[in-house]
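Take a look at the structure below.
The values are calculated or read from the model by the stated rules, or taken from the named source; none is laboratory data. Small disclaimer: the values here were computed from a predicted structure and weren't measured. Every residue, glycine among them, receives a Cβ derived from its backbone with ideal geometry; neighbour counts consider all protein chains shown. Side chains included, ligands, DNA and RNA excluded: accessible areas come from the protein's heavy atoms. Shrake-Rupley method; radii C 1.70, N 1.55, O 1.52, S 1.80 Å.
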Amino acid sequence: MGTVLSGLGLVKKYASATALAGVDVAVGERESLAIMGPSGSGKSTLLHTLAGIIRPDDGQVLLRGERIDHWGENRLSALRRRRFGFVFQSGQLLPELPAEENVALPLMLEGMLRKHAVARARRWFAPLGLEGLEQRRPGQLSGGQAQRVAIARALVAEPDVVFADEPTGALDQSTGEEVVRLLTSVTREQGASLVMVTHDADVAAHCDRILQVRDGRVHGHIQYTTAP
Ligand code: ADP
């Protein structure tokens, strides 16, 4: 399995804390990786560093073998739009736009005509169990439906990697289970890799591999032969 994204010797220090103390991590083609660890262990910093949002103090981030950590802001933000998708805990949809336009947004930001972008966006509604909800605004969706719209938006531009930060954190157990099952399966079917921060072991168990972090270091790995 080829490596899509890797971090080598990642270090990030803040005045009061060392968030990353030398982390090595590699994410394979179509692989889903869960990052777990106690609060304050460096999970979010690691995700944001791999996604080109936080610049490490030391170490390297490589996307398909190319170093990206020292790129300028404009180049990094274009990279994030084109090759990465993001799912957050909640509140990421624009409330004034219907669901289909929320999904189409990354394509329109890249200059695609609205009608073409919306047509492409609509294709994601059935695989995510959202048919019939295309015209709903986020306020008219349940928490689980809103997260499925966010997953569609993260995938619509066919990214190399989807980053998810506590994507089930605002959902009840069974809704969260459904959302993570769809997130992992649809991401894999699309051919993308997934990096997900979660504190929930049941959610992490849907991924191919779990990276345990403690005090900014990799503490251990759990590898599943096949994801459940
Ligand atoms: P986690 O996601 O595991 O809860 P974080 O990556 O958010 O951990 O934080 C790791 C450590 O770095 C913590 O001690 C946190 O307080 C510190 N930290 C994270 N971001 C900042 C920041 N912007 N400024 C100062 N300290 C930070």
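Some observations on this one:
- Inter-residue pairs, beta-carbon under 9 Å, first over 19 Å from V203 (Cβ atoms) and in the stretch 26-41, second within 7 Å of the ligand (Cβ to nearest atom), 6+ apart: G40/A17; G40/A19
- Restricting attention to the stretch 60-79, the residues being open to solvent by less than 20 Å² (accessible area, probe 1.4 Å) and of a type in the set (G, A, S) number 1.
- Single residue of the stretch 189-228 satisfying the filter (away from the ligand (no atom under 12 Å from the Cβ) and of a type in the set (S, T, Y)) that is nearest to W124 (Cα to Cα): S193
- Single match in A19, A117 (criterion: more than 16 Å from the ligand (Cβ to nearest atom), small (G, A, S) and more than 13 Å from S6 (Cα to Cα)): A117
- Members of the stretch 98-119 that are surrounded by fewer than 17 Cβ atoms within 10 Å (Cβ to Cβ), among the charged types (D, E, K, R) and modelled with pLDDT of 95 or more: R114, K115
- Looking only at residues of the stretch 26-53 that are more than 14 Å from the ligand (Cβ to nearest atom) and in a strand (DSSP E or B), we find that the one that is surrounded by the most Cβ atoms within 10 Å (Cβ to Cβ) is S32.
- Annotation: of all residues in the stretch 175-211 being assigned to a helix (DSSP H, G or I) and in contact with a Gly (Cβ under 9 Å, 6 or more places away or on another chain), the one that is nearest to S44 (Cα to Cα) is V203.
- Pick from the stretch 1-25, criterion open to solvent by 20 Å² or more (accessible area, probe 1.4 Å) and of a type in the set (A, V, I, L, M), ranking: farthest from A192 (Cα to Cα): A15
- Screening the candidates V61, V87 for the property of being within 16 Å of the ligand (Cβ to nearest atom), among the aliphatic types (A, V, I, L, M) and in contact with an Asp or Glu (Cβ under 6 Å, 6 or more places away or on another chain) yields one hit, V61.
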